[in-house]
Structures are given as C-alpha cells and as structure tokens.
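For reference, the structure is listed below as structure tokens.
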Amino acid sequence: MIANIKQVEDKDFNIKRSAEDERKLSYKDHVCIGCGICAKTCPVEAIELGNIAAIVRTDANISKININEEKCVLCGMCSVGCPVDALDLTIDNVSVSELEMYPKYTSSATIDDETCIYCKACEVACPREAITVSRDLPDRSKLVSGEIEIDDETCVYCGICEELCPAEAIYVTKDPENPEIVVDTDACVYCLVCKRACPMDAIMAACRSCSYGEYDIDPADAVTTGNTFIDDELCVRCGWCEGVCPVDAAKVQKPFEGELLVDEEKCSTCGACIDICPCDVLSFPESTGFGQTSAKIARDQEYCISCGACANICPVEAIEVKRTAINYTPTKSKSWTDKLESLKS
Amino acid sequence: MELKVNQDNCLGCGVCVVACPVNVSISPEVEGGHGSKTEEVIMMVENGVIKLFSPEKCNKCGTCQVFCPTDAIWLE
Amino acid sequence: MPKHIISGLKYLATIELKKRGYTQQKIAQTLEIDRSTVSHYLNGRNLSWKSIEVAQTITQLIPKDFLMLVDTLLNDNEATRTLVNICKTKTFKTQIKESCIGCGLCVDLCIMKAIKLDDLQAQIDSNWCCGCQICTERCPTKSIIILEVKDDREH
C-alpha cells in the first residue's frame, strides 16, 4: 500500500511518498520563524506548532513544528503557505515553487549591484544576517593628488613631521652621525600637514597644478567595486535593507500586507514577542525621561511581514496581527485560492 | 514541555511570580510585587521557596526561566 | 486454483472483446495469451465451466473486492488494469469537487491508473474507473464522487 516515510535528522525532517511520482516535503528548522501559518493552512491538521516561546528562549533541542506523517497527504499547502520557505514540497525533485500550477507568494528581495555603493548598511541592518557585501576598494595611491619632497640640506631631522603624519608615511632616523628622513610615497596621502608644521620649511610639495597634470586623478580609479549576496534561505523579505539603503538599490516585496496591534492593557512586557520576531520590529521602548513611561512595546511597522509569530507566542493574547492583503500568483484551483485568502483576517 | 521547579536552588525572590504574564493576568496585584490573593496562579512563593499551584495554566512562554537568577524554574 | 480463476476471467474477457469486434490476434495480444487459446475459448473447447462460473461470480462482487482479488491473483498491475477494465460489469460516473487540493494521493492509490492531476485538480477517466472507491475513501477533503451508472453488460 501507499505509505509516507518520515526521515528525521536532528531538528529537520522530511516526509516522502513514492508512487506515480516522488513527493517529498522537507522541513528546515533553522529557517522556520515559528509563525504557525503552516499549522493553520494544513487541510488535514497534520501539523502541530510546538511551544515556540519556550523553544526559542530556552535553546531547547526541539523542532518548532511537528508533522504527523500518517495524516500528511503531501499536498504542499504548507510549502506554499510558508512565508520563509522553511517547508518545501518537491515533486520528482522539482520544488512546487517552480511549478506554474502552484500559487506562490510574489515576495522578493533584491539588491541592484549597478546602483549599490557597497556601503554595507543593509548587511548591518539585516535581522537575519542574510546579506553579505563584498567590496574592492580603489587603490589609495591612485587617489593622491601630489607628492612631497624633503630638502635634505634644510631638514634638521626634528621628527615633527613624522609624529604628525596621519598616514605614517615619514620615517626619521635621528642618528647624530648619519641622520636620515624617508618618505613612503605609497602611504603618503598628500595632506600637507608635514609641510605646514615643518619649522625649517624643508618640505616641498609637487601638486596637481604645478606638475602639469601628472597627478590628475582618473575618476575610474576612484570607484569601489563589489557584489552583494542575499541568502534566500535566511531572508524573510522584511524590508530592512530597502529601508536603510541610501541609494535605493535594495528592493523588497513582502508576502503580506497588514497591521500589528498591541493591547497595552493585556501586555505584561514578558518580551516573548521581541525574542521571536524575525524582523526586529518589536522592542522595549526607552524611557523618554525620569518618571516617564511610554508604550509597553515599541514597533516599527515598516519592517513587519505580518507573519503573526508574535501574536501566536504572546501568552496573554495581547497582540493581534491583521493581514489585509496576500500577494501571490494566481492559481486555477479554487481550494488553493480560498486557502490563501483565508490568511487574511 | 512542562514547567519544573527546583526548590533547593530557589532563593524565594519571587521574580518569576511577578514576571509571569499569566500570573499577572490571573492576579493583577502580583505585578506590584504583592503576594497573590488567590491560589489560582501558576506559582507563588510559600515559606520562602517557589511552589507550583496551577502549572497546567502555563503557556510555556519561558519568561520565568529568562528572569530566574538561579535556574530554579524552567521548561523541560 | 488461482490459475483457473484467471483463465475463467480471461475467457470472459475474450468473449467480451469478440463482442466489441476485436480480431483473435488483437484479443491474444491484449490478454497476453496464445492465439490458439483464444480460438479454444471462442469455440467453447478446453474449458472448465466451473472456473467460468467462479469468474462470473467474482465480476459481480462489489468493485473493490473484484479489483483486489484480481490484483492479488495476477500480481501484475498492468494485467490487472486490462482484465478488470474488460470484465467489469458496471460503468461509473465520476465527479471532482472544487474542494480538491490536488495532493495526488488518489493518483497514487488508483490501481486502474484512471486519475491524473491537472492544475491542482484530480481528473478521473471514467472509462478506466472500476468503481472501487479506494480514492473516495482516502481523499483527505472528500472531494471525489463516484456513482454507478447502469448495469449494461451480461455474460
């Protein structure tokens, strides 16, 4: 008879059914954000959400979700419903996210390398550490617009220039017998601090204008090149990168649109929602002054993906996440459309 | 997962009693550091040590464990 | 004995295919038997009438039992499909409800290979459906309806 086979590896697992074609549902715990959408969408109630708060806060070695392989029919609704692709159903090794008949969230996150200036603001801001920016800086010596020269006759080897040089480009040897001063032209940035400070006026400068263009800077030499990488597995399409990007190179489309509401009366500031939020949306606000209290939980709605993990985890039901729109590619199947629409609240 | 206590480790400081969001919702006066007026709460300090009264009400949020200075209360 | 029942079924199938206008060669190919055997069957020779009686009884069983029995006797999925489809005495009307989620469980379960998926909806080829109802029983969303249409054949 046809039966599902479950393979468990640490906190990950997969469930397989081989017949006409091979269906395999795989779960990756480190990707899961514990939002519980899978449990809500499963048509056969095969998915159970664990005690997410305890699992996240106590480092317990337990999977965030569990799937009963005897109930699971490998339909793939959890795979399509998962906003972070922690669950993935493959049919004959092709992910349903690549099969046209299956709906798919139209969420995405991209960084345009043409526009990017490689400032790394996104890398720092990304709450999932999903972004890597690697860059090649221009050759500093090519950006220097002049050169200094020291008149050995005038120089008294006092070392003032050496002490002041911010680029550590000047070396003075104060040997009374055989004093010496050396300039490392590759390190010198032609700031002329040495020239201004020299008590003997022993430093001469050859600048752009007096060298007839020898030190003109080619703009091409001043460009920082590089590339950016977004780890799709970790990215939750929260929009932090887009929000902090100074040149609009990062573009993010979220899977859901919605609103996050906190009931100040019920909230007891336990902080579970802050710990679970995959997008660093929630935080404890700082007091604005002595004896002044602010809202119990501060929230930065701009970066909320409306996944509902905070609402699920709250032990006193103080949080409500209202989803007003679900962005997905259309499907001909009414049952699938109904299921995705049911994520609205 | 289950809520567990180790009375030998407990200092009886009562931080867990106050921090527990469920305790506060059952007996709001504990938020101010006062003892609970009812035994309906999950946990309370009795005779200087923590004691579980209604552990079945625990929502497994782990807040008590986060705050306990001596690891005397935890989820397992 | 199992061999005799299969022979009986193949006899019934031979008669049925002859009625449909198949040539002896085509019948032999379809049922994977010798042409001489086909000839014997059609001339009423070398037959155990008892086996035919048993075979007839089997075709009248409820469709699931008929299918499972043939499947067990033959232990060959393709041969089972062919024989059951020829010898079945009933036709079925099939309907898939919109609640179908396209999980494909029915496709995998259908011994007759009558079901395929199209745009996340199951589609049943009623020509191949033997009415066993295995799919309707196991469908997680109870989206399959299979109804018997009429008793249109007599052996």
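Principal axis extents for chain A, Cα atoms only, whole Å, descending order, please.
Computed over chain A, the largest-to-smallest principal extents equal 98, 61, 35 Å.
I'd like the Karplus ³J(HN,Hα) series for the range A:68-74: coefficients 6.51, -1.76, 1.60, θ = phi - 60°, whole numbers in Hz, and an x wherever there's a Gly or Pro.
Values, residue by residue: 7, 5, 6, 8, 4, 10, 6 Hz.
For chain B, what does the helix formula give at 222 nm: sum of -39500 (n - 2.57) over DSSP H segments with n ≥ 4, over the residue count, nearest 500 deg cm²/dmol? Don't skip to the end; give the middle numbers.
Numbers: 3 runs with 16 residues, N = 76.
Counting only the DSSP helices, I get -4500 deg cm²/dmol.
Could you work out which residue, out of A:S335, A:S95, A:S287, moves most in a Gaussian network model of chain A, that is, has the largest mean-square fluctuation with Cα springs under 10 Å?
Sorting by GNM fluctuation, first place goes to A:S287.
In nanometres, what is the gap between the two model label sites at A:I62 and C:T89, each 7 Å from Cα along Cα-to-Cβ?
If labels sit at A:I62 and C:T89, their model points lie 5.8 nm apart.
Testing the spin-label approximation: label points 7 Å from Cα along Cα→Cβ at B:H34 and A:D113. State their distance in nm.
6.6
Among the lysines, which have Cα under 20 Å from the Cα of C:K18 when same-chain residues fewer than 8 positions away are ignored?
List returned: C:K10, C:K26, C:K88, C:K90.
What relative contact order, as a whole-number percentage, does chain A give when Cα pairs under 8 Å and 6 or more residues apart are counted? Walk me through the intermediate numbers first.
Values: 654 pairs, mean separation 63.7, N = 345.
Value for chain A: 18 percent.
Which one, C:I115, C:I96, C:I146, projects farthest toward the positive side of the charge dipole computed for the range C:90-151 from Cβ point charges (K/R +1, D/E -1)?
C:I146
Using Cβ counts within 10 Å as a stand-in for footprinting exposure, how do A:E180, A:E264 rank, fewest first?
Values: A:E180 12, A:E264 9.
Lowest to highest Cβ neighbour count: A:E264, A:E180.
Compute log10 of I(q)/I(0) for the range A:265-345 with the Debye formula, placing one identical point scatterer on every Cα and leaving out solvent, at q = 0.12, 0.13 Å⁻¹, to two decimals.
Debye intensities relative to I(0), on a log10 scale: -0.46, -0.52.
In whole angstrom, how long is each semi-axis of the equivalent ellipsoid of the range B:3-75, when you take the square root of 5 times every eigenvalue of its Cα gyration tensor and sort them from largest down? All intermediate terms of the calculation are to be shown ahead of the outcome.
Working: eigenvalues 52, 35, 24 Å².
The answer is 16, 13, 11 Å, longest axis first.
For A:269-277, what's the mean count of beta carbons from other chains sitting within 10 Å of each residue's beta carbon?
Details: counts 5, 12, 7, 7, 1, 0, 4, 1, 0.
Rounded to a whole number, the mean comes out at 4.
For peptide C:99-111, compute the average count of partner chain beta-carbon atoms within 10 Å of each residue's beta-carbon.
Neighbouring Cβ atoms belonging to other protein chains average 6 per residue here.
Answer with one residue from A:C155, A:T329, A:V56: the one whose Cα lies farthest towards the positive end of the charge dipole of chain A, charges on Cβ with Lys, Arg +1 and Asp, Glu -1.
Farthest towards the positive end: A:T329.
Only loop residues by DSSP count here, and only those with at most 14 other Cβ atoms within 10 Å; note down the chymotrypsin sites (Phe, Trp or Tyr not before Pro) in the range A:246-338 that meet that. Display every interim value, and only then the final one.
Values: sites: A:F256, A:F290, A:Y303, A:Y328, A:W336; in loops: A:F290.
When the chymotrypsin sites (Phe, Trp or Tyr not before Pro) of the range A:246-338 are filtered for loop state and at most 14 Cβ neighbours within 10 Å, A:F290 remain.
Take the Cα pairs of the range C:25-139, get the Kirkwood Rh, then feed it into Stokes-Einstein at 37 °C and 0.692 mPa s and tell me D in µm²/s. If you can, show how the numbers build up before the last one.
On the way: Rh = 15.7 Å.
This corresponds to a translational diffusion coefficient of 209 µm²/s.
Please give the calculated 222 nm ellipticity per residue for chain C, where each DSSP H segment of at least 4 residues contributes -39500 (n - 2.57) and the sum is spread over every residue; nearest 500 deg cm²/dmol? Spell out each step's value before the answer.
Working: 8 runs with 79 residues, N = 155.
Value at 222 nm, helices only, nearest 500: -15000 deg cm²/dmol.
Would you kindly derive the ³J(HN,Hα) couplings of the range A:125-136 from the backbone phi angles with the Karplus curve 6.51 cos²θ - 1.76 cosθ + 1.60 (θ = phi - 60°), listing them in order in whole Hz, with x for Gly and Pro?
3J(HN,Hα) across the range A:125-136, in whole Hz: 6, 4, x, 9, 6, 9, 10, 10, 10, 10, 9, 10.
Using a Cα distance threshold of under 16 Å, what count of lysine pairs results for chain B when pairs must be 8 or more residues apart or interchain? It would help to have the intermediate numbers written out before the result.
Working: B:K4/B:K51; B:K4/B:K57; B:K4/B:K60; B:K37/B:K51.
The number of close lysine pairs in chain B is 4.
Between rounded, prolate and oblate, where does the range A:191-345 land on the alpha carbon gyration tensor, with a ≥ b ≥ c its root eigenvalues, rounded for a/c under 1.5, else prolate if a/b exceeds b/c?
Details: a/c = 5.07, a/b = 1.95, b/c = 2.60.
Oblate shape, in that a/c is at least 1.5 and b/c is the bigger or equal ratio.
Could you grab the relative contact order for the range B:7-49? Cα pairs under 8 Å, six or more apart, rounded to a whole percent.
On the way: 41 pairs, mean separation 18.5, N = 43.
43 percent.
Report, in debye and to the nearest 20, how large the dipole of chain A comes out about its Cα centre when Lys and Arg carry +1 and Asp and Glu carry -1 on their Cβ.
Values: 33 positive and 61 negative charges, 509 e Å.
Dipole magnitude for chain A comes out near 2440 debye.
Mind checking the dipole of the range B:3-75: about its Cα centre, +1 per Lys or Arg Cβ, -1 per Asp or Glu Cβ, Debye to the nearest 20?
Details: 5 positive and 8 negative charges, 29 e Å.
In total the dipole reaches around 140 debye.
Taking the Cα-to-Cβ direction at A:T173 and at A:K334 and moving 7 Å from each Cα, how far apart do the two end points lie in nm?
If labels sit at A:T173 and A:K334, their model points lie 9.3 nm apart.
Averaged over peptide C:116-123, how many Cβ atoms belonging to another chain are found within 10 Å of each residue's Cβ? Don't jump to the answer; show the numbers that get you there.
Working: counts 1, 4, 2, 7, 14, 6, 0, 0.
Mean partner-chain Cβ count within 10 Å for C:116-123: 4.
Assuming 0.36 nm per residue, please report the length gained on full extension of the stretch A:K120 to A:A295 beyond their Cα-Cα distance. Intermediate values should be presented prior to the final figure.
Values: separation 175, 0.36 × 175 = 63.00 nm, distance 3.18 nm.
Taking A:K120 through A:A295 to full extension adds about 59.8 nm, to one decimal.
How big is the gap, in Å, between the Cα center of the range C:21-51 and the Cα center of the range A:133-158?
Between the Cα centre of the range C:21-51 and that of the range A:133-158, the gap is 102 Å.
Using amide H atoms built 1.01 Å from N in the peptide plane, name the residues 5+ places from B:M43, or on other chains, whose amide H lies under 5 Å from its own.
Counting only residues 5 or more places away or on other chains, the set is B:F53, B:S54.
Explain nothing, just the number: dipole magnitude of the protein assembly as shown about its Cα centre with +1 on each Lys and Arg Cβ and -1 on each Asp and Glu Cβ, in debye rounded to the nearest 20. Don't jump to the answer; show the numbers that get you there.
Numbers: 59 positive and 89 negative charges, 1138 e Å.
Charge dipole of the protein assembly as shown: 5460 debye, to the nearest 20.
Along the positive direction of the dipole of the range A:52-146 (beta-carbon charges: Lys, Arg +1; Asp, Glu -1; about the Cα centre), which of A:V133, A:V84, A:V144 reaches farthest?
Toward the positive end, the furthest listed residue is A:V144.
What FRET efficiency do you get for C:L42 and C:E137 if R0 is 56 Å and r is their Cβ-Cβ distance, rounded to the nearest 0.05?
Working: r = 39 Å, r/R0 = 0.69.
Working from the Cβ atoms, E equals 0.90.
Going by a 4.7 Å Cβ-Cβ cut-off, which cysteines of chain C have no partner at all?
Here C:C87, C:C100, C:C110, C:C129, C:C130, C:C132, C:C139 come out as lacking a disulfide-compatible partner, given the Cβ-Cβ threshold of under 4.7 Å.
Kindly provide the helix-only [θ] at 222 nm of chain A, computed as the sum of -39,500 (n - 2.57) over DSSP H runs of four or more divided by all residues, to the nearest 500 deg cm²/dmol? Intermediate results must be reported in sequence, preceding the final value.
Values: 10 runs with 55 residues, N = 345.
Dividing the helical sum by the residues of chain A leaves -3500 deg cm²/dmol.
Can you put C:K19, A:K195 in order, fewest other beta carbons within 10 Å first? Could the numbers behind the result be given before it?
Details: C:K19 9, A:K195 16.
Fewest to most other Cβ atoms nearby, the residues stand as C:K19, A:K195.
Any idea what the relative contact order of the range A:1-52 is, in percent, if you count C-alpha pairs under 8 Å spaced at least 6 apart?
Working: 50 pairs, mean separation 11.2, N = 52.
That works out to 22 percent.
Rounded, prolate or oblate: which fits the range A:140-220 when a ≥ b ≥ c are the square roots of the eigenvalues of the alpha-carbon gyration tensor, with rounded for a/c under 1.5 and prolate only if a/b beats b/c? Display every interim value, and only then the final one.
Details: a/c = 2.43, a/b = 1.91, b/c = 1.27.
Prolate, since a/c reaches 1.5 and a/b exceeds b/c.
So for C:W49, C:W128, fewest C-beta neighbours within 10 Å to most, what's the order?
Details: C:W49 10, C:W128 17.
Ordered by Cβ neighbours within 10 Å, fewest first: C:W49, C:W128.
Shape of the protein assembly as shown from its Cα gyration tensor (a ≥ b ≥ c, root eigenvalues): rounded if a/c is under 1.5, otherwise prolate when a/b > b/c, or oblate?
Values: a/c = 3.60, a/b = 1.81, b/c = 1.99.
Oblate.
Using a Gaussian network model of chain B with C-alpha springs under 10 Å, which one of B:V66, B:V22, B:V41 is most mobile by mean-square fluctuation?
Largest GNM mean-square fluctuation: B:V66.
Anyone know which of A:Q292, A:Q301, A:Q253 comes out most mobile in the 10 Å Cα GNM of chain A?
Evaluated over chain A, the most mobile residue of the options is A:Q292.
With r defined as the distance between the Cβ atoms of C:L61 and A:S342 and R0 fixed at 45 Å, what FRET efficiency is calculated, to the nearest 0.05? Show your work: numbers first, answer last.
Numbers: r = 43 Å, r/R0 = 0.95.
The value I calculate is 0.55.
Counting only other residues whose beta carbon sits under 14 Å from that of A:A167, what net charge do I get with K and R as +1, D and E as -1? Please report the intermediate quantities before stating the final value.
Numbers: positive: A:R140, A:K195; negative: A:E147, A:E162, A:E163, A:E168, A:D184, A:D186.
Summing Lys and Arg as +1 and Asp and Glu as -1 gives -4.
Based on the alpha-carbon gyration tensor of the range A:1-159, what equivalent-ellipsoid semi-axes (square roots of 5 times the eigenvalues) come out, in whole Å, largest first? Spell out each step's value before the answer.
Working: eigenvalues 595, 78, 38 Å².
In descending order, the three semi-axes are 55, 20, 14 Å.
Each reported figure results from applying straightforward, stated rules to the coordinates on display, with no laboratory input. Fair warning: this is a prediction, and the values are worked out from it, not measured in the lab. In this analysis, Cβ positions are derived from the backbone assuming ideal geometry, glycine residues included, and neighbour counts consider all displayed protein chains.
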